[in-house]
1. List the pairs whose first member sits in the range 40-68 and is in contact (Cβ under 8 Å) with a residue 12 or more places away in the chain, whose second member is acidic (D, E) and in a strand (DSSP E or B), and whose Cβ atoms are under 9 Å apart, counting only residues at least 6 apart or on separate chains?
2. What number of residues in the range 61-79 are touching a Gly at 6+ places or on another chain (Cβ under 9 Å) and over 11 Å from V17 (Cβ atoms)?
3. Output the residues belonging to the range 114-151 that are assigned to a strand (DSSP E or B) and away from ligand 2 (no atom under 16 Å from the Cβ).
4. Inspect all residues belonging to the range 15-38 and state whether any of them is in contact with a helix residue (DSSP H, G or I) (Cβ under 7 Å, 6 or more places away or on another chain) and exposed (fewer than 15 other Cβ atoms within 10 Å of the Cβ).
Amino acid sequence: MAAAGSALAAVTVSGAVREPRTWTVPDLGALPQHELDVVYTCRSTGPRSHRMRGPLLRDALALAVPEFAGEDRKARLRYFVALLASDGHRAVLSWGEIDPEFGNGPIVLGLVRDGLALDLEGPHLAVPGDSCGARNVSGVVAIRLDAYSGQ
Ligand SMILES: Nc1nc2c(c(=O)[nH]1)N[C@H]1C(S)=C(S)[C@@H](COP(=O)(O)O)O[C@H]1N2
Ligand SMILES: [Mo]
C-alpha cells in the first residue's frame with residue numbers, strides 16, 4: 001500500500017491524438033521497457049549521469065493514437081511533442097526525432113531512475129546524446145502532440 005499522503009503522479013496527453021488520456025507511471029509499465037544511460041554536463045551542477053528505464057516516448061504516445069493530417073510520411077514532419085514538468089520546465093521535441101523513418105531516437109519516458117520507481121514523481125524523459133541535461137525533463141505532467149500550421 002502507498003504511504004499516507006502519497007499519490008500517483010499523472011501525465012495528461014492531449015492534442016493531435018484520437019484518445020486524449022491520463023496515465024500514471026504504472027499504466028506505462030506494460031509497454032516494452034528500454035534501459036539506457038544518460039550522461040551530460042549541467043552548467044550549474046557539473047557532470048551527471050542516470051540509468052533510466054521505461055518505454056520509448058513514441059510507444060507511449062501510440063497508446064493515445066496520434067492522428068497526423070495525411071498518410072504520407074512527410075506529413076508527420078510538421079508535428080512536435082511538447083512536454084511540461086510539474087515545476088513548469090518545458091521542452092519541445094520534433095516528431096521527426098523519434099519517428100522510426102527519420103531520427104529514430106531512443107528517447108525514453110523513464111519510469112525508473114537509478115533503480116527507483118518514479119510512481120510519485122512522474123516520468124523522467126531521457127534524451128541520450130545531449131551534452132546539456134535540460135531536455136531530460138523530470139516530473140513530466142503533460143505531453144501535447146501538435147502541428148506547425150505553416151504560419
Ligand atoms: N522538471 C525539470 N526537469 C529538469 C530541469 C528542471 O529545471 N526541471 N532541469 C534540467 C537540467 S538543466 C538538467 S542539467 C538536469 C539535471 O538533473 P539531475 O541533476 O537530476 O541530473 O535536469 C533537467 N531536467
Ligand atoms: Mo542543467
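Readers should treat all values here as calculations from the given coordinates under stated rules, not as data from a laboratory. Keep in mind the model is a prediction, meaning the values are calculated, not measured. We place every Cβ from the backbone using ideal geometry, glycine too, and count neighbours over all the protein chains shown.
1. Hits for this filter: S49/D37; H50/D37; R51/E35; R51/D37; M52/E35; M52/D37; R53/E35; G54/E35.
2. Residues meeting the conditions: 3.
3. Those that are assigned to a strand (DSSP E or B) and away from ligand 2 (no atom under 16 Å from the Cβ): L116, A117, V140, V141, A142, I143, R144, L145, D146, A147.
4. Scanning the range 15-38 turns up at least one residue that is in contact with a helix residue (DSSP H, G or I) (Cβ under 7 Å, 6 or more places away or on another chain) and exposed (fewer than 15 other Cβ atoms within 10 Å of the Cβ).
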